[in-house]
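Peer 1: Structure below; questions to follow.
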Amino acid sequence: MSTNTSTPDLDAVVVGAGFSGLYMLRKLRDELGMKTQVYEAGDGVGGTWYWNRYPGARCDSESYIYCFSFDDDLLQEWNWSGKYPEQPEILRYLNHVADRFDLRSGIQFNTRVTAAHFNEADNLWEVETDQGDQVTARYLITAIGCISTGQIPKIPGLDSFAGDWYHTGAWPHAGVEFAGKRVAVIGTGSSGVQSIPVIARESEHLTVFQRTPQYTIPARHETVNEEFLKEVKANYDEIMQKTKHSVAGMPYEASEVSALEVSAEERLETYERLWQKGGFNFLFGSYGDISIDRRANDTAAEFIRSKIREIVQDPETAEKLLPRDHPFASKRALIDTNYFETYNRDNVDLVDIRHFPIEEITPTGLRTADGAEYEFDIIVFATGYDAMTGTFFKMDIRGRDGLELKEKWSEGPKTYLGLATVDFPNMFMITGPGSPSVLSNMPVSIEQHVEWIADFVEYQRERGIDVVDVEQQAEDDWVQHVNEIADQTMYMLADSWYLGANIPGKPRVFMPYAGGVNVYRDRCDQIAADGYEGFVMSETSEPVLAD
Ligand code: NAP
């Protein structure tokens with residue numbers, strides 16, 4: 001099939017300059033020689049790690065695997081200081097990457113993409129920004145992160161609050177002075193669990209408002225072990241291969257033993273050993289059926305509850321902290337540093353708002369539905385994100401026939417592989433809904449997507465293909481597959497942001513792909529090897545010859 005085309009201003013527009021946008025720029029501009037423009041809302045690179053500067057912000061992936069693997073020298077020259085990387089260090093790393101590969105020159109900062117419309121007359125994307133830019137591009141690539149649109153619950157009265165308030169995902173660059181302040185933290189997800197122990201130490205008094213108690217495993221954070229790092233660097237190739245072909249993008253040995261086929265004593269010994277070791281080993285390295293069998297899951301859940309009872313000295317507080325209404329790891333699995341211990345401090349209170357939600361923010365604090373009033377100088381909203389789709393919908397993205405992405409996804413996101421969606425030609429999503437993304441160590445999934453997209457773009461250019469779209473059947477089959485896999489997991493048994501359950505009115509659809517990074521990668525590779533099965537392609541221009 002032949003189509004009309006005209007020459008665009010740019011070959012590609014990339015939205016966002018976090019891990020995804022930086023690597024995409026390097027691939028398209030520096031390796032494929034394409035005219036590429038990155039637009040970034042912040043005044044620096046880093047994405048998530050640019051915005052999330054709340055106290056205690058740190059990654060749950062170990063530092064030696066939370067990085068790019070595409071450049072051997074980069075891997076060898078960068079030295080992480082801690083077992084888990086802290087936000088300032090990750091941001092320094094991403095700035096180093098930007099400088100090392102001269103990426104800043106391809107990024108326009110302080111610029112938010114507001115609209116992207118596909119013009120079918122010339123098969124180009126027309127992109128607009130809040131700075132008045134209007135450009136056309138052959139490709140639109142979203143590198144917008146999965147968890148980048150913060151949600152502040154619509155509780156009446158916030159405007160009247162006389163103190164200061166913050167969302168963890170839009171933290172002031174200058175930091176927040178907590179000394180001598182009475183502070184409220186609302187929310188006990190990853191951001192709450194990380195920030196609560198630090199805010200408790202810094203503030204005069206902290207009150208935590210908890211809607212759902214959490215299972216969390218000690219991270220056992222420590223400064224990086226030099227010997228270990230030396231060994232890692234000597235074996236990086238092998239380690240990175242292992243991450244790429246693992247379930248979650250982490251090089252841990254996954255257990256295939258069932259929690260139900262060992263004795264209670266053996267199980268307890270395993271859980272205790274992994275609890276002491278810390279981190280996600282507890283989830284991946286204990287028993288293979290924790291994520292798929294409720295009875296197996298219950299054994300881990302009960303172990304964690306026993307630990308909470310052991311750590312938290314006040315039995316009433318401990319009781320409030322016990323998670324009972326959802327299986328372990330059915331919400332995002334958490335690791336922490338002194339989370340439960342924090343409730344033993346004299347300056348910390350826990351308020352259970354499951355039955356008596358926050359009814360109103362008042363000028364001096366807040367009031368819950370049982371009439372209790374609380375006074376604060378600072379309120380911290382650790383209340384999460386309109387994840388996976390929220391940032392897409394903040395832009396006016398329209399495909400064929402003016403179809404709005406928001407309308408197309410009104411019943412939940414529909415994609416092929418989480419990479420593309422029918423009727424939005426030449427648009428690729430890095431870690432879009434329907435891919436492993438948030439269920440994995442993100443840089444591993446990001447690199448896989450960036451490399452797959454770049455290979456596909458190169459394939460198109462070599463053949464003079466100007467327009468690619470997804471076949472409807474391919475998308476339908478993928479959406480069905482994503483749902484079938486999710487139905488076999490514990491994820492369906494919790495009200496989580498994976499399911500959009502944290503946003504009132506959002507369709508309850510499981511958004512990431514739970515089949516594993518390894519299985520997913522093989523599928524994507526096979527599709528590419530089969531000539532990009534599931535995509536419809538139209539040729540118009542002269543092939544671009546490879547160097
Ligand atoms: P989150 O996991 O969605 O947690 C939000 C918390 O706020 C939950 O406890 C939620 O309660 C509560 N909440 C929401 N609306 C509320 C309301 N109206 N009233 C009272 N409580 C309310 O958000 P997050 O902690 O920012 O984390 C989001 C994701 O970002 C994580 O799951 C993770 O993938 C990523 N993240 C990662 C790290 C890391 O690597 N360590 C750190 C931070 C974030 P319910 O549970 O009842 O909904």
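Peer 1: For segment 251-263, state whether one or more residues are more than 29 Å from Phe303 (Cβ to Cβ) and of a type in the set (D, E, K, R). Outline the logic, then answer.
Peer 2: Taking segment 251-263 and keeping what is more than 29 Å from Phe303 (Cβ to Cβ), we get none.
Taking every residue of segment 251-263 in turn, none turns out to be more than 29 Å from Phe303 (Cβ to Cβ) and of a type in the set (D, E, K, R).
Peer 1: For segment 28-47, how many residues are surrounded by 21 or more Cβ atoms within 10 Å (Cβ to Cβ) and assigned to a helix (DSSP H, G or I)?
Peer 2: Total meeting the criteria: 2.
Peer 1: Just to check your reading of the model, which residue among Leu206, Leu140, Leu124, Leu229 is at pLDDT below 95 and more than 23 Å from Ala333 (Cβ to Cβ)? If you could, list the steps in order and put the result at the bottom.
Peer 2: On the way: Leu206 fails: at pLDDT below 95; Leu140 fails: at pLDDT below 95; Leu124 fails: at pLDDT below 95.
Of Leu206, Leu140, Leu124, Leu229, the one residue that is at pLDDT below 95 and more than 23 Å from Ala333 (Cβ to Cβ) is Leu229.
Peer 1: Go through (1) within 11 Å of the ligand (Cβ to nearest atom); (2) more than 23 Å from Ile308 (Cα to Cα); (3) open to solvent by 30 Å² or more (accessible area, probe 1.4 Å) for Glu204 and report which single condition fails.
Peer 2: The number of the failed condition is (1).
Peer 1: While we're on this one: Search segment 166-197 for residues being surrounded by fewer than 18 Cβ atoms within 10 Å (Cβ to Cβ) and over 22 Å from the mean Cα position of the chain (by Cα), and hand back the single one that is nearest to the ligand (Cβ to nearest atom).
Peer 2: Gly175
Peer 1: Scan segment 153-174 for residues that are part of a strand (DSSP E or B) and touching a Phe, Trp or Tyr at 6+ places or on another chain (Cβ under 8 Å) and report the count.
Peer 2: Here the count works out to 3.
Peer 1: For segment 141-165, what are the residues that are closer than 27 Å to Pro363 by Cβ, more than 10 Å from the ligand (Cβ to nearest atom) and crowded, with 17+ Cβ neighbours inside 10 Å?
Peer 2: Passing the criteria: Phe161, Gly163.
Peer 1: Among the numbered conditions (1) part of a loop (DSSP other than H, G, I, E, B); (2) at negative phi; (3) not charged (D, E, K, R), tell me where Ala115 comes up short.
Peer 2: It is condition (1) that Ala115 fails.
Peer 1: Follow-up. Suppose the filter is of a type in the set (Phe, Trp, Tyr) and open to solvent by 20 Å² or more (accessible area, probe 1.4 Å); does Tyr416 pass it?
Peer 2: For Tyr416, the condition - of a type in the set (Phe, Trp, Tyr) and open to solvent by 20 Å² or more (accessible area, probe 1.4 Å) - is not met.
Peer 1: Let me ask something else about it. Of all residues being under 18 Å from Ile335 (Cβ atoms) and at pLDDT 95 or above in segment 291-305, which is surrounded by the fewest Cβ atoms within 10 Å (Cβ to Cβ)? Just the residue, please. Outline the logic, then answer.
Peer 2: Initially, segment 291-305 is screened for residues under 18 Å from Ile335 (Cβ atoms), giving 291, 297, 300-301, 303-305.
If we keep only those that are at pLDDT 95 or above as well, we get 297, 300-301, 303-305.
Working: Asn297: 22, Ala300: 25, Ala301: 21, Phe303: 21, Ile304: 20, Arg305: 18.
Here the answer is Arg305.
Peer 1: Oh, and also: Restricting attention to segment 384-415, which residues are over 19 Å from the mean Cα position of the chain (by Cα) and among the hydroxyl-bearing types (Ser, Thr, Tyr)?
Peer 2: Ser410
Peer 1: Right, here's the next one. If you scan segment 494-535, which residues turn out to be among the hydroxyl-bearing types (Ser, Thr, Tyr) and touching a Lys or Arg at 6+ places or on another chain (Cβ under 8 Å)?
Peer 2: Correct list: Ser496, Tyr498.
Peer 1: Can you name the residue in segment 351-383 that is open to solvent by less than 20 Å² (accessible area, probe 1.4 Å) and within 30 Å of Pro512 (Cβ to Cβ) and is also nearest to the chain's Cα centre (by Cα) among such residues?
Peer 2: The residue in question is Ala382.
Peer 1: Take segment 506-545 and flag every residue that is loosely packed, with under 14 Cβ neighbours inside 10 Å, assigned to a loop (DSSP other than H, G, I, E, B) and at pLDDT 95 or above.
Peer 2: Arg508, Asp530, Gly531, Glu533
Peer 1: Hey, another quick one. Mind listing whichever residues of segment 242-290 are surrounded by fewer than 13 Cβ atoms within 10 Å (Cβ to Cβ) and within 25 Å of the chain's Cα centre (by Cα)?
Peer 2: Of everything in segment 242-290, just one residue is surrounded by fewer than 13 Cβ atoms within 10 Å (Cβ to Cβ) and within 25 Å of the chain's Cα centre (by Cα), namely Glu253.
Peer 1: Follow-up question, since we're still on this one. Would you kindly identify the strands (runs of 3 or more DSSP E) lying entirely within segment 321-407 that contain at least 3 residues that are more than 11 Å from the ligand (Cβ to nearest atom)?
Peer 2: Ranges flagged: 348-352, 373-375, 396-398.
Peer 1: Quick one: in segment 207-216, of everything that is among the polar types (S, T, N, Q) and not in a loop (DSSP other than H, G, I, E, B), which residue is farthest from the ligand (Cβ to nearest atom)?
Peer 2: Thr207
Peer 1: Turning to a different aspect of this structure: So which residues in segment 341-350 are surrounded by fewer than 18 Cβ atoms within 10 Å (Cβ to Cβ) and touching a residue at least 40 places away in the same chain (Cβ under 8 Å), if there are any at all?
Peer 2: Taking segment 341-350 first, the residues surrounded by fewer than 18 Cβ atoms within 10 Å (Cβ to Cβ) are 341, 344-347, 349.
The answer is Glu341, Arg345, Asn347, Asp349.
Peer 1: Hey, another quick one. Please list, ordered by first then second residue, the pairs with beta carbon atoms under 7 Å, 6 or more apart or interchain, first in segment 293-314 and over 22 Å from Asn338 (Cβ atoms) and of a type in the set (Val, Ile, Thr), second open to solvent by less than 70 Å² (accessible area, probe 1.4 Å) and outside any helix (DSSP H, G or I).
Peer 2: Matching pairs, first to second residue: Thr299/Ala259.
The values are calculated or read from the model by the stated rules, or taken from the named source; none is laboratory data. Please read these numbers as outputs of a predicted model, since none were measured by experiment. With ideal geometry, Cβ positions are generated from the backbone for all residues, glycine too; neighbour counts draw on all protein chains shown. Ligands, DNA and RNA are stripped out before the accessible areas are found, and what is left, the full protein with its side chains, is counted by its heavy atoms. Shrake-Rupley method; radii C 1.70, N 1.55, O 1.52, S 1.80 Å.
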